[in-house]
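Only one structure is covered here, and it is reproduced in the block below.
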Number of protein chains: 6
Amino acid sequence: MTKLTHLDDSGAARMVDVGGKSPTDRSATAAGFIRMSPATLAAVREGSGPKGDVLAAARIAGIMAAKRTGDLIPLCHPLALDAVAVDFTFEAEGIAVFARASLTGKTGVEMEALTAASMALLTIYDMAKALEKGMVIENLRLIEKTGGKSGDWRAA
Amino acid sequence: MTKLTHLDDSGAARMVDVGGKSPTDRSATAAGFIRMSPATLAAVREGSGPKGDVLAAARIAGIMAAKRTGDLIPLCHPLALDAVAVDFTFEAEGIAVFARASLTGKTGVEMEALTAASMALLTIYDMAKALEKGMVIENLRLIEKTGGKSGDWRAA
Amino acid sequence: MTKLTHLDDSGAARMVDVGGKSPTDRSATAAGFIRMSPATLAAVREGSGPKGDVLAAARIAGIMAAKRTGDLIPLCHPLALDAVAVDFTFEAEGIAVFARASLTGKTGVEMEALTAASMALLTIYDMAKALEKGMVIENLRLIEKTGGKSGDWRAA
Amino acid sequence: MTKLTHLDDSGAARMVDVGGKSPTDRSATAAGFIRMSPATLAAVREGSGPKGDVLAAARIAGIMAAKRTGDLIPLCHPLALDAVAVDFTFEAEGIAVFARASLTGKTGVEMEALTAASMALLTIYDMAKALEKGMVIENLRLIEKTGGKSGDWRAA
Amino acid sequence: MTKLTHLDDSGAARMVDVGGKSPTDRSATAAGFIRMSPATLAAVREGSGPKGDVLAAARIAGIMAAKRTGDLIPLCHPLALDAVAVDFTFEAEGIAVFARASLTGKTGVEMEALTAASMALLTIYDMAKALEKGMVIENLRLIEKTGGKSGDWRAA
Amino acid sequence: MTKLTHLDDSGAARMVDVGGKSPTDRSATAAGFIRMSPATLAAVREGSGPKGDVLAAARIAGIMAAKRTGDLIPLCHPLALDAVAVDFTFEAEGIAVFARASLTGKTGVEMEALTAASMALLTIYDMAKALEKGMVIENLRLIEKTGGKSGDWRAA
């Protein structure tokens, strides 16, 4: 039967014990999208060019959140990340975010990448919400991971 | 022309000054969804019943994240929340989360509700990711807000 | 039947909604004790006099923890404390701590006082543990609260 | 003469330098107890079964606090914990907590285990305090540690 | 004789009790400067224009640090800031920062403005330190405050 | 041409990837100064002797801030510090602080030492500001680093 690794036999939540594992190189990339109207998108684009800080703020928010993942997700291990990067692309109906985290460690960085992407998207929402409350965050997911016992993985 | 409230005339990011506003009753409700396979859904459901902590952990993660919103989203004000609640419903293809925050204050709690929903969903992802890395977070959005200068709002 | 205020009808944890309450003056005092051998006690006393920082460090730890109570206890409200003070008395078999917190707000500061006392005692343990691992924290409790709907209260 | 390791020769607080130490496997288990009336105990038990989140919330609070120990106890090192687990047993006059932390590192995890136990107990207090303010936390102590230069230790 | 408000009669540190004070409008502006070589200054300037995030990152760091002042400075009150803004000017021998914070509250925001300025400058140092380790932070000071019992004040 | 290591080719901020580096012994020492009037200096000195906690509080603030550097400076790596020490010397026109951090790791601890010095100085400012708002923080700088690819360095 399938079983959740974060529950013990009694169903109690716990951090998975990674004590017996050896550190290996690991990385994860997450992606997500925030859908918005053309008018809002134009405002964010204008506020992110030579004259504005919007995406820079969202990028910093994502990077800082990645470093705090173990403080936010109850059963995540605190990790000494080697690198975090957050990038954006303007698309026709919104903005896509890509967040990549990596470390040499005993456990993967999927949650760090997902947390970074999530907080970057929420920061865009925050900065544009006076223009459009109906923006929607979509398709937040892991797109790739490398390393670790389960090996490499790529979203279908 | 539309303009982002979180940028000054030079495009620099700033916290919007709420100094001249009077505290009023405000609330916000956000929702989101995590799509997963039937097998994973069954495992989460089993790990959330009498025998397991999954949704309790996700709920606590969401509530605690709501209280830290001002610490995570760069331009959010630190807020003295009156209440936060996070609920889940099992649906056919995944789990829906609803997060509601309220306060009597000078600025709204949309970001607190969205942050709670986001972290609750990521916690579910974390606890089930050993079973299925391809789970997707979808449709994370504000569904309602009340109070404040812009008045009540409800997603279409 | 008695019912826990922090659970809703379905048993789900939630922050109690204080939205309808008016701010009033509130205070709480907590106390606790750390039992240790005479040799350890002498070392702490020596490290806390003109030449040492032990109790100063424990006091600061307690005060800082009080300010973070809402970040540590899942269902506590974030509070704008008016004051926190932490004091110690050397007794024959250990050190007693007293922590007092106060605010003008919608909810009480019992948890802030208890968290301050707890962290102050743990800091003493930390600084003296190389001498004696068997120190015991005892009798950590609320000794008094004032204000709020439930009025004044004093431990029997 | 005994001397506190966390003070330098002038009595100033400092983090003990672990730079010359090699990482080894270490663990620590702490325990504590919260004494309460039969009526409160019954309410907590009811709120922790199939229908309630009380102990799940306390467990999560303990695990999250363990990860923040270095942020709470002034002279503790920030540690990359391998595992944290928090368990409870209902006893006749209250609830016992056991918290275990482990890592492969240069310094022990006694404070992480004690902090987890302490915050789990305070969370129970918080959730039940509307029923009984006079609950008392007792006998919070280290019960066992393994590894490190000082070797294994078990409370008498 | 002069006396430090943050010490009680026994010399123990404490948070000043602001419980009897009424909230009033307050603001504070701090300034500071980071001195660097012309080559480093040119690199920062290039990394802060249309093509780079340096000052945006420093601005966000300053704003976020202001919100955490009560978490960093042991005896500061946690404050519900109304606004924070951080600005920079390029000068001949380095970069000047100006940080302004404001709130309606019982205590001043001098420390919030100073913390914001300090962290913004340290972030610039961090981003440019591979080019020049000898950069120096100078003249970090309060330049103006308004409101509160002690009234308005401006640096000589 | 010089280039900032914390920006990618498009000018976007990122954490420098330290994944390919081997851990080595590293240390950094930062210094700074807070200038104040003789009357304020006398009050701080009196509040720091046998009867007072001023410098103990500042020391703890510095040590705790060093541990949080990765949480405050956007592009700093989270680091497992081996040691942090903060010392003060009374001088004729103010107080000098020296902060030293060390670790065995992949990246240096310059920012940790600078952050510790900065927060220690700001804590002194906070505790004495009721006496003199015009105190100035000066000459905050790195004075020495050891280890790492760039080797040892000492301020001129």
List, shortest first and in nm to one decimal, how far the label point of B:Pro23 (7 Å from Cα along Cα→Cβ) is from its counterparts in the other copies.
0.4, 0.4, 4.8, 4.8, 4.8
Summed over the other residues with a beta carbon less than 11 angstrom from that of E:Phe33, with K and R at +1 and D and E at -1, the charge totals -2
Would you mind listing how long segment D:109-156 runs along its three principal axes, going by Cα atoms, in whole Å with the largest first?
45, 20, 8
Share antiparallel - DSSP beta bridges, segment B:41-146, percent rounded to 5:
100
Measure of size requested: the Rg and Dmax of segment E:31-145, with Cα atoms as the atom set and Å as the unit; please supply both.
14.3, 45
Measuring label to label, 7 Å along Cα→Cβ, what does E:Gly134 give against each other copy in nm, shortest first?
3.2, 5.9, 5.9, 6.1, 7.1
What does the charge dipole of chain C about its Cα centre add up to, to the nearest 20 debye, if the Cβ of each Lys and Arg holds +1 and the Cβ of each Asp and Glu holds -1?
120
Peptides F:80-93, D:68-81, E:128-141: what's the order by average Cβ count within 10 Å, highest mean first?
D:68-81, E:128-141, F:80-93
For the protein assembly as shown, what is the Kirkwood estimate of the hydrodynamic radius, computed as the reciprocal of the mean inverse distance between distinct Cα atoms, to one decimal in Å?
27.4
Most exposed first by the Cβ proxy, i.e. fewest other Cβ within 10 Å, how do E:Ser150, E:Ser102 rank?
E:Ser150, E:Ser102
Mind scanning A:Lys129/B:Lys106; E:Lys133/F:Lys129; D:Lys106/F:Lys149 and naming the pairs with a C-alpha gap bigger than 21 Å?
E:Lys133/F:Lys129; D:Lys106/F:Lys149
Report, as an integer, the average count of C-beta atoms from other chains found within 10 Å of each Cβ along C:137-145.
6
Listed with the fewest Cβ neighbours within 10 Å leading, D:Met36, E:Met111 appear as D:Met36, E:Met111
What does the structure give for F:87-99 when I average, per residue, the other chain Cβ atoms found within 10 Å of the residue Cβ?
0
What gaps in nm, shortest first, separate D:Arg154 from its twins in the other copies when you place the label 7 Å past Cα toward the beta carbon?
4.6, 5.3, 5.3, 6.4, 7.3
Counting Lys +1, Arg +1, Asp -1, Glu -1, what net charge surrounds B:Thr107 among other residues with beta carbon under 15 Å of its beta carbon?
+2
Beta carbon of chain F nearest to the axis of the rotation taking F to A, residue and angstrom distance:
F:Ala80, 4
Using helices alone, what [θ] at 222 nm do you get for chain E, with -39,500 (n - 2.57) per DSSP H run of 4 or more residues, divided over all residues and rounded to the nearest 500?
-9000 deg cm²/dmol
Relative contact order for chain F: what percent, with Cα pairs under 8 Å and sequence separation of 6 or more?
36
With a 10 Å Cβ neighbour count serving as the proxy for reagent exposure, in which order, fewest first, do B:Thr24, A:Thr104 appear?
B:Thr24, A:Thr104
Other chains' Cβ within 10 Å of D:124-132 residues: what's the mean?
6
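No value in this document is a laboratory result; all are computed from the given coordinates. Bear in mind the structure is a predicted one, so any value in this text is a computation, not a measurement. Note that each Cβ is placed from the backbone with ideal geometry, even for glycine, and that neighbours are counted across all protein chains shown.
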